[in-house]
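Written below as structure tokens is the structure these notes are about.
The values are calculated or read from the model by the stated rules, or taken from the named source; none is laboratory data. Since we're looking at a predicted model, the values are computed, not measured. Every residue, glycine among them, receives a Cβ derived from its backbone with ideal geometry; neighbour counts consider all protein chains shown.
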Amino acid sequence: MDLDRALMRLLDATTAEVYTKDELRQKLEKSAKTGKPLRVKLGVDPTAPDIHLGHAVVLRKMRAFQDLGHIGVLIIGDYTARVGDPTGRSKTRPQLSDDEIEANAKTYKEQVFRILDPERTEIVCNGDWFKELAFSDVIRLASRFTIARLLERDDFTIRLGKNLPISLHEILYPVMQAYDSVMVKADVELGATEQTFNILMGRQLQDQMGQERQIGLLAPILTGICGSVRMSKSIGNYIGIMEKPSDMFGKTMSIKDELIGEYLRLATDFEASHIERLERALADQSKNPRDIKFEVAKRIVAIYHGDEAADEAASEFERVFSRGMAPSEMPVMTLHEQHITDGRVWIANLLKIAGVATSNSSALGLVRQGAVSLDGKQVTLDHADVKVASGMVLKVGKHRFFNIQLER
């Protein structure tokens, strides 16, 4: 692939900023002449299990570099996770235990190859070098940065303005991330736009330590399915890349219409021309937003589970949400003898056993709203003692179904 086409592929809609385009061109030219692939770094802190579509934006960017013949260097931040990236935080992150970090790191290593090319990926942990540093080494490293520079971060500026505390270990985070770039000899560092400060610090430290400065290539931040803030597992507004196809499909269909364009650009692998056609159809209302969202959902499932699974998830969604039928698979809810009197159970108890209500009042509130049905028949407060049998289907709201089974 010639240089201009390679740049077009790398600097597509999933790229927000580049530091700098000219330097990236120069590095690609040098790589082509020498035959030496670029080392493309991405650091991920295992602060929570599982990878979601927000992470996938930059992972797919790394895959684009790999497809051009370059090496992806994935740094599992088992030591930076002990600090916690202060980016976007209004308070200090709680520190994780070693066991939590190790368990989360294991899931990351298992999941990244849904996206990355194993033959062109190096996975390292930054604990490999940080645990070897003496305190005198840390002092020498810290001496290369000024407090004034570190406090330029918006996160710290805002917290200082509000008289909120900043812990000393948080100041070290960008220093550690910069040192990662030195240790892996990064030519390019990937990250979301919120990582701009940290990535520029890496350029600075490489320059000071006699290395060629890395390129900073920043991707947009994917909005979570709630529609108001970034996708985050801690908030619960995420779509995990390992989720069941039906769950991925349903969650994608739940996004607000105004997010369709963003998900088209950042979460699918459609050709740019196809994305443009769909965005025009969305803008001029020549196509129903639901139909475009359906196409997005199907493509996202296909990326991570294959075309057959995507077809099945689409059919299942149509069965459940368009024709009002029960899903082919649903959680089993077992009722024991103590739950049933003369073959009947009070609906509030049934909803609490299902885990959809925590109290009688919240359960009866769902009934009052008309949100509860049993085998397709709406439950009312006038008939709150319901007859139950194995194989009956309890439906709560639009999305929650339970297969009732009686203990034998």
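When we screen Asp257, Asp207, Asp247, Asp187 for residues that are within 20 Å of Val58 (Cα to Cα) and either in the same structural domain as Val175 (by TED's automatic domain parsing) or acidic (Asp, Glu) (or both), the only hit is Asp187. Does Ala363 satisfy the condition of being part of a helix (DSSP H, G or I) and in the same structural domain as Phe249 (by TED's automatic domain parsing)? For Ala363, the condition - part of a helix (DSSP H, G or I) and in the same structural domain as Phe249 (by TED's automatic domain parsing) - is not met. Selection within the range 100-121: residues that are at pLDDT 90 or above and surrounded by 13 or more Cβ atoms within 10 Å (Cβ to Cβ). The member of this set that is farthest from Ala56 (Cα to Cα) is Arg120. The residues listed here are Leu38, Leu96, Leu68; of these, the one that is assigned by TED's automatic domain parsing to the domain that holds Ala192, at pLDDT below 85 and touching a Lys or Arg at 6+ places or on another chain (Cβ under 8 Å) is Leu96. Pairing residues of the range 173-194 that are touching a residue at least 60 places away in the same chain (Cβ under 8 Å) and part of a helix (DSSP H, G or I) with residues that are polar (S, T, N, Q) and surrounded by fewer than 24 Cβ atoms within 10 Å (Cβ to Cβ), at Cβ distances under 8 Å and at least 6 apart in sequence or on separate chains, gives Met176/Asn126; Asp180/Asn126; Ser181/Gln206; Glu194/Thr87.
Results for (1) of a type in the set (A, V, I, L, M); (2) out of contact with any strand residue (DSSP E or B) (no Cβ under 9 Å at 6 or more places or on another chain); (3) not assigned by TED's automatic domain parsing to the domain that holds Glu194, shown as yes or no for each residue.
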residue	(1), (2), (3)
Pro118	no, yes, no
Glu122	no, no, no
Leu141	yes, yes, no
Leu151	yes, yes, no
Ile166	yes, yes, no
Glu170	no, yes, no
Ala178	yes, yes, no
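Going residue by residue through the range 72-80, is there one that turns out to be surrounded by fewer than 18 Cβ atoms within 10 Å (Cβ to Cβ), acidic (Asp, Glu) and either in a loop (DSSP other than H, G, I, E, B) or modelled with pLDDT of 85 or more (or both)? Looking for residues that are surrounded by fewer than 18 Cβ atoms within 10 Å (Cβ to Cβ), acidic (Asp, Glu) and either in a loop (DSSP other than H, G, I, E, B) or modelled with pLDDT of 85 or more (or both), one finds none in the range 72-80, hence no. From the list Glu295, Glu329, Glu318, exactly one residue is part of a helix (DSSP H, G or I), surrounded by fewer than 16 Cβ atoms within 10 Å (Cβ to Cβ) and not polar (S, T, N, Q). Which is it? Going through Glu295, Glu329, Glu318 in turn, the sole match is Glu318.
Can you work out which of the residues in the range 1-47 that are basic (Lys, Arg) and assigned to a helix (DSSP H, G or I) is farthest from Tyr263 (Cα to Cα)? Among residues in the range 1-47 that are basic (Lys, Arg) and assigned to a helix (DSSP H, G or I), the one farthest from Tyr263 (Cα to Cα) is Lys33.
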